[in-house]
Each structure stands twice: as C-alpha cells, then as structure tokens.
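Shown next, in structure tokens, is the structure this report addresses.
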Amino acid sequence: MTGAPVSTGPGRLLVAVYGLFALAAGARAAVQLSTRFAEAPLAYVLSAVAAAVYVVLTVALARGARRTALAACAIELAGVLVVGTLSVFDPAAFPHATVWSGYGSGYGFIPLVLPLVGLYWILRTREPE
C-alpha cells in the first residue's frame with residue numbers, strides 16, 4: 001500500500017474520467033427520459049442510474065470518501081455485469097442501449113474496465129497518517 005490519498009496522482013485522472021462519464025451518461029439519460037421514455041423505460045432509467053453512480057463516484061473520489069467510493073465502484077461493476085449479461089442474452093428486454101448494455105460496448109467497454117481500475121486504485125491507496 002502507498003501513502004497516497006485516493007484523489008492524488010492517477011486518482012485525479014480517475015476523478016476526471018468519472019466526471020466525464022457522469023456528464024455524458026446524465027445528459028444521455030436526461031434526453032432519453034424527457035423525449036422517448038415510452039420507447040424503452042427500463043433502458044433509460046438504467047442510464048440515469050449509471051449517471052447517478054458516476055456522480056457519486058466522482059464526488060467520493062474527489063473528497064477522499066473511500067468507503068463510499070468503494071461501495072459505488074462495487075455497485076457500478078455489478079450493474080455493468082448484470083445489465084451487460086442481460087442485454088446480451090435477452091436483447092428484447094433492452095430495445096435501446098443503456099450505458100452498461102453489452103458491457104459498455106457503446107462507450108468502448110470503458111464502463112466495464114473503469115470500476116476495476118477504480119477498485120484497484122481505492123484498495124491500493126490508503127489514508128495518509
């Protein structure tokens with residue numbers, strides 16, 4: 001373990017990437033929910049959930065709230081795996097893509113890799129003494 005806080009060094013890049021995903025997923029969900037909700041309500045609500053998780057992660061990492069960030073990363077990873085698997089095996093349930101559909105294929109699989117990187121970074125760093 002190193003003595004670096006979560007939000008320093010490479011952690012700053014992680015905060016920036018989560019912030020970008022919070023903005024992208026939030027904007028996507030807002031447009032989808034406000035203009036086409038009836039077409040695919042489950043997919044669009046899941047995009048909003050993903051955006052909320054990204055917002056929590058951005059703030060938690062920036063503030064060094066390790067437990068919150070750890071829990072949010074675990075939720076994000078579970079969401080990507082569950083939604084990704086369901087969207088592959090039951091595509092009819094997801095007529096329109098979510099952020100986590102196909103394991104984040106619409107975003108270059110970054111939603112699948114990002115929680116793994118986040119978990120690694122959070123567990124690798126520790127609070128300064």
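The values are calculated or read from the model by the stated rules, or taken from the named source; none is laboratory data. Quantities reported herein were computed from a predicted structural model and do not represent experimental measurements. Heads up, the Cβs are rebuilt from the backbone with ideal geometry, glycines too, and the neighbour counts pull from every protein chain shown.
Annotations for the structure displayed:
- Check on residue 69, part of a helix (DSSP H, G or I) and farther than 21 Å from residue 13 by Cβ: no
- Region 80-114 - residue that is among the β-branched types (Val, Ile, Thr) and in a loop (DSSP other than H, G, I, E, B) and, of those, surrounded by the fewest Cβ atoms within 10 Å (Cβ to Cβ): 99
- Qualifying residue in region 61-83 (condition: farther than 26 Å from residue 124 by Cβ, in contact (Cβ under 8 Å) with a residue 24 or more places away in the chain, among the aliphatic types (A, V, I, L, M) and in contact with a Leu (Cβ under 7 Å, 6 or more places away or on another chain)): yes
- Residue 58 vs. criteria among the β-branched types (Val, Ile, Thr), in a helix (DSSP H, G or I), at pLDDT below 95 and more than 19 Å from residue 83 (Cα to Cα): no
- Output for region 32-55, where each listed residue is under 20 Å from residue 110 (Cβ atoms) and surrounded by fewer than 20 Cβ atoms within 10 Å (Cβ to Cβ): 48, 49, 52, 55
- Taking the criterion of being within 8 Å of the chain's Cα centre (by Cα) and closer than 18 Å to residue 124 by Cβ, the only residue of region 46-60 that qualifies is 57.
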